[in-house]
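The structure appears below as structure tokens.
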There are 2 protein chains.
Amino acid sequence: MPDVEIIAVGSEMLTSQRIDTNSLFLTDQLNSLGVEVRRKLIVGDDRALLTDAVRAALSHAEIVILTGGLGPTEDDVTRDATASALGRQLIFSQQICDEIEARFRLRRRPMAEINKRQAYLVEGAEALPNANGTAPGQWMEHEGHVVILLPGPPGELKPLFDKECMPRLARRLPAQVIRTRFYRVSGLGESDLDAMIAPVYSRYTNPVTTILAAPGDIQIHLRARASTAEEAEKLLAEVGDPVAEILGPRLYSRNGHPLEQVLGDLLRERGSTVALAESCTGGMVGERITAAAGSSDYFPGGFLVYSDRMKTELLGIDPALISQHTAVSGEVAVAMAEGARQRTGASFAISTTGEAGPESASGAPVGTVFVGFSSAGHPPEAQRYSFPGGRERVRGFATQAALEYLRRKILGIDI
Amino acid sequence: MPDVEIIAVGSEMLTSQRIDTNSLFLTDQLNSLGVEVRRKLIVGDDRALLTDAVRAALSHAEIVILTGGLGPTEDDVTRDATASALGRQLIFSQQICDEIEARFRLRRRPMAEINKRQAYLVEGAEALPNANGTAPGQWMEHEGHVVILLPGPPGELKPLFDKECMPRLARRLPAQVIRTRFYRVSGLGESDLDAMIAPVYSRYTNPVTTILAAPGDIQIHLRARASTAEEAEKLLAEVGDPVAEILGPRLYSRNGHPLEQVLGDLLRERGSTVALAESCTGGMVGERITAAAGSSDYFPGGFLVYSDRMKTELLGIDPALISQHTAVSGEVAVAMAEGARQRTGASFAISTTGEAGPESASGAPVGTVFVGFSSAGHPPEAQRYSFPGGRERVRGFATQAALEYLRRKILGIDI
């Protein structure tokens, strides 16, 4: 199988504040085709240095991917440097220029003269349409090598790579079938999960098992390679089925869908709706729920009740309840969920209240979070959590916990 | 000033799960000495590939730092590859071997035979004691270059670098100072911004100017080097002051603080509060505002009014207004902001309503967003925007626009 070198271009990635993350996405996609990343290089916006780097990469790897440096400004040198390294010219494309101009027109803004720089292609390169930005990607072949130029912003690079590059690469590669399973698990720590499932997966090198952890959310990727789809599926089942068995109801997704989408499907199937009352998460649960397209089917809305006064005035919580138990308590979490459900008429409501830090207002330790749940015709409930980390991590954990709590209540899974 | 190339060694850093973070620490330390990182390379545990990489690095940079690959196993190839690249031998050091053995004795464990591999020094290298692990670092000079080998674990690398390498590097370097400015700008596209300020910054190579764009938010980094702090500040002012002048009120931060923090400071200074009514952003504005620690000083809460019914029931918007103008209209945005302010008693309220896609419910094109603003004693207002991209990008732009709209209204800046 061919090897890849990824070159990330941009002086900002040579500072201590920024890091190249595009290569992580690219690595995942390339690995799924059976292609390995051999080297990753990060260089600044320096024409001569980048030209050298492209030349050297061609001597190490069959596929060279450059990310970034396709913007309209003077310091966007990727097009120039690649052309120099390959001994080619840059050719102006009137068609690309027209497309860029059309993008600006659509937004009712004039195209700056400088954007014409983005309409140059390396001689012989194919333009890869960029649905989310002005700079197209470029695909070229050179003495048996493939050189790909991709825009730097992840929101542009990812869809472009998936749509334009993956099929082109797949056609070039030896016939091999790769099949994957993509499990997601909530409410379990990474090392606990690993202790449970390592006895199964560690006996296999094919499928390859990869575990990725985010706050409250763990992804398990299984990737099997074989010469037929049937054989690859059989390998996947050998590892995937016992792993799923062990995880039981903690496994919330078998196809990689995020929790908010799984939840949305559950609510839509049942014709149910959910409302929110968020305190410490300040809108993050709402953001997650509404990240799914079509969430208006099951999400009417909710309340951001950050202050105690808002909890009282918007949700009708008795101030005495707050003074007795503090705002960070199961009692208040329950009252928030009840208030939100009654005021919206939703089938369910969930609430969050906690101490995200850096300081505690209620006296409860930083990391303490209560999630409340209310459902018509059932007594409301709350669950207490204690999350590690700083403000951002605690809020991320709390958001995930709230969504998972709702999923388990809807499915009748014991918490 | 000399330049540095950092080579991170380890196949695990070529997967999608691991990232090289040692180089961020090293970059900070090196920058403080006035040394720039010119390239960063990540290579696997491959002797031949690493040997090539060290040779190439010596042609690019005066200082070459290798991190990782100093362990005791077969795939720890950094010592070997460096010796090969420099045309030197590896020499066994009985003294280092004794020190490693003593470490093991201290932990009452026998030293494995394999650990003797860590007692080899590149011929002519100086061992750098590692207080936190078995593998010492190594410092060598070669034809005017410095080559440094560091252990990979951050807990070993960091103290070793600070104690052993920083003083050695400082002695070799001409005294130099680095000073930075970090501007942030909202409500301007990258190419428009560049067209405005490139005439100023492009005439200077010192300070170096770097421009980074996120949806609705642009960062401008200026970095000046000089032999004194005064001179570096003077260079920064030469470019930074006219750039700030050109950007005027669009420049919302001169110290890198994000918009939500700048806004929080403005509100706190004035003793003002802000409430929210979010539709298309579904909680994202609340999340941003409450991401700042201490946001309870100025954020009581708000409403997630995703459905039309919630807009009517929670905010008291006349259903006729919605049927007349659709929910995605300036009229409804204004009514949402008014309703949120009146129901919370906040000084200000902002609202969002729009079509984030993938489909439009109101008939307005996907990307259309209205931000509403309400303030006691002033007529409410709304602003229409048209954002590019998919659901996630449109929501990101809308969130940033809402915060920026509020900032400008508070400061009395004409939109």
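Where a number appears in this text, it was derived from the coordinates with a stated rule and is not lab data. Here the structure is a predicted model, which means the values were calculated and not measured. Virtual Cβ from ideal backbone geometry, glycine too; neighbours counted across all protein chains shown.
Please label the shape of the range B:15-87 as rounded, prolate or oblate, based on the square roots a ≥ b ≥ c of the eigenvalues of the alpha-carbon gyration tensor (a/c under 1.5 means rounded; beyond that, a/b larger than b/c means prolate, else oblate).
oblate
On a 0 to 90° scale, report how tilted helix A:22-32 is relative to the longest principal axis of chain A, with both axes built from alpha carbons and the result rounded to the nearest 10.
80 degrees
What 222 nm value per residue comes from the helices of the protein assembly as shown, counting each DSSP H run with n ≥ 4 as -39,500 (n - 2.57) and dividing by all residues, nearest 500 deg cm²/dmol?
Only helices count here, giving -12000 deg cm²/dmol.
Could you tell me what percent of the DSSP beta bridges with both partners in the range B:3-172 are antiparallel, to the nearest 5?
40 percent
Scanning chain A for trypsin sites (Lys or Arg not before Pro) in DSSP loops with at most 16 other Cβ atoms within 10 Å, what's the longest stretch left with none?
A:255-415
Within the protein assembly as shown, what percent of beta bridges assigned by DSSP are antiparallel, to the nearest 5?
Of the beta bridges lying entirely in the protein assembly as shown, close to 65 percent run antiparallel.
Among the aspartates and glutamates, which fall within straight-line cross-link reach of B:Lys116, defined as a Cα-Cα distance under 17 Å, with same-chain neighbours fewer than 8 residues apart omitted?
Cα-Cα hits under 17 Å: B:Glu74, B:Asp75, B:Asp76, B:Asp80, B:Asp98, B:Glu99, B:Glu101.
Given H placed on each backbone N at 1.01 Å, which residues far from A:Arg88 in sequence or on other chains put an amide H within less than 5 Å of it?
Answer set, sorted by chain and number: none.
Taking the label point as lying 7 angstrom from Cα along the Cα-to-Cβ axis, what are the distances from B:Glu74 to the corresponding position in the remaining copies, in ascending order and in nanometres?
5.4
With a 10 Å Cβ neighbour count serving as the proxy for reagent exposure, in which order, fewest first, do A:Phe373, A:Phe92, B:Phe104 appear?
In increasing order of surrounding Cβ atoms, one gets A:Phe92, B:Phe104, A:Phe373.
Measure nothing but the geometry: give the 0 to 90° angle between the long axis through the Cα atoms of B:94-106 and the longest principal axis through the Cα atoms of chain B, rounded to 10°.
Approximately 60 degrees, to the nearest ten.
Between A:Phe387 and residues 5 or more places away or on another chain, which pairs have amide H atoms under 5 Å apart, with H built 1.01 Å from N, and which residues are they?
Distant-sequence amide H within range of A:Phe387: A:Thr368, A:Val369.
Which semi-axes, in whole Å and largest first, does the equivalent ellipsoid of the protein assembly as shown have when worked out from the alpha carbon gyration tensor as the square roots of 5 times its eigenvalues?
Equivalent ellipsoid semi-axes, largest first: 46, 33, 28 Å.
At a 10 Å Cβ-Cβ cut-off, how would you order A:Val285, A:Val262, fewest neighbours first?
A:Val262, A:Val285
By DSSP, what percent of the beta bridges with both residues in the range A:259-411 are antiparallel, rounded to the nearest 5?
Bridges in the range A:259-411 are about 60 percent antiparallel.
In whole Hz, with x marking every Gly and Pro, tabulate ³J(HN,Hα) for the range A:133-147 from phi via Karplus 6.51 cos²θ - 1.76 cosθ + 1.60, θ = phi - 60°.
Running phi through 6.51 cos²θ - 1.76 cosθ + 1.60 with θ = phi - 60° gives x, 7, 7, x, x, 9, 10, 9, 10, 8, 6, x, 9, 10, 10 Hz.
Using only alpha carbon pairs under 8 Å that are at least six residues apart, calculate the relative contact order of the range A:190-294 and give it in whole percent.
Answer for the range A:190-294 is 18 percent.
Would you grab the residues whose amide H sits under 5 Å from the one on A:Ile317? Only those 5+ places off in sequence or on another chain, please, with H modelled 1.01 Å from N.
Close amide H contacts, sequence-distant or interchain: A:Thr312.
How many nanometers, to one decimal and shortest first, lie between the label point of A:Gln94 and those of its other copies, if labels sit 7 Å from Cα toward Cβ?
Its label point is 8.2 nm from the equivalent points in the other copies.
For B:Asn132, go 7 angstrom from Cα along the Cα-to-Cβ vector, then report the distances to that same point in the other copies in nm, smallest first.
Computed spacing set for this position: 3.6 nm.
Sort B:Thr21, B:Thr399, A:Thr205 so that the residue with the fewest other Cβ atoms within 10 Å of its own Cβ comes first and the one with the most comes last.
Result, fewest neighbours first: A:Thr205, B:Thr21, B:Thr399.
Mind checking which of B:Ala195, B:Ala57, B:Ala398 has the largest fluctuation in a GNM of chain B, springs on alpha carbons under 10 Å?
Fluctuation is largest for B:Ala195.
Beyond 29 Å between alpha-carbons counts as too far, so tell me which of B:Lys163/B:Lys234; B:Lys234/B:Lys409; B:Lys158/B:Lys234; A:Lys311/A:Lys409; A:Lys40/A:Lys234 fall in that bin.
B:Lys163/B:Lys234; B:Lys234/B:Lys409; B:Lys158/B:Lys234; A:Lys40/A:Lys234
Read phi for every residue in the range A:272-287 and hand back ³J(HN,Hα) as whole Hz from Karplus 6.51 cos²θ - 1.76 cosθ + 1.60, θ = phi - 60°, with x for Gly and Pro.
9, 10, 10, 10, 10, 9, 10, 10, 5, 7, x, x, 5, 5, x, 4
If you average the alpha carbon positions of the range A:18-89 and of the range B:57-96, how far apart do those two centres end up, in angstrom?
Between the Cα centres of the range A:18-89 and the range B:57-96 lies a distance of 27 Å.
Under the rule a/c < 1.5 gives rounded, and otherwise a/b versus b/c splits prolate from oblate, where does the range B:3-172 land using the Cα gyration tensor?
Rounded is the answer for the range B:3-172, as its axis ratio a/c remains below 1.5.
What is the distance in Å between the Cα centroid of the range B:360-415 and that of the range B:180-195?
For the range B:360-415 versus the range B:180-195, the Cα centre distance is 19 Å.
What percent does the relative contact order of chain B come to when contacts are Cα pairs within less than 8 Å and at least six residues apart?
Result for chain B is 10 percent.
When only C-alpha pairs under 8 Å and at least 6 residues apart count, what is the relative contact order of the range A:259-411, in percent?
24 percent
To the nearest 10 degrees, how steeply does helix A:259-270 sit against the main Cα axis of chain A, on a 0 to 90 scale?
Roughly 60 degrees between the two axes.
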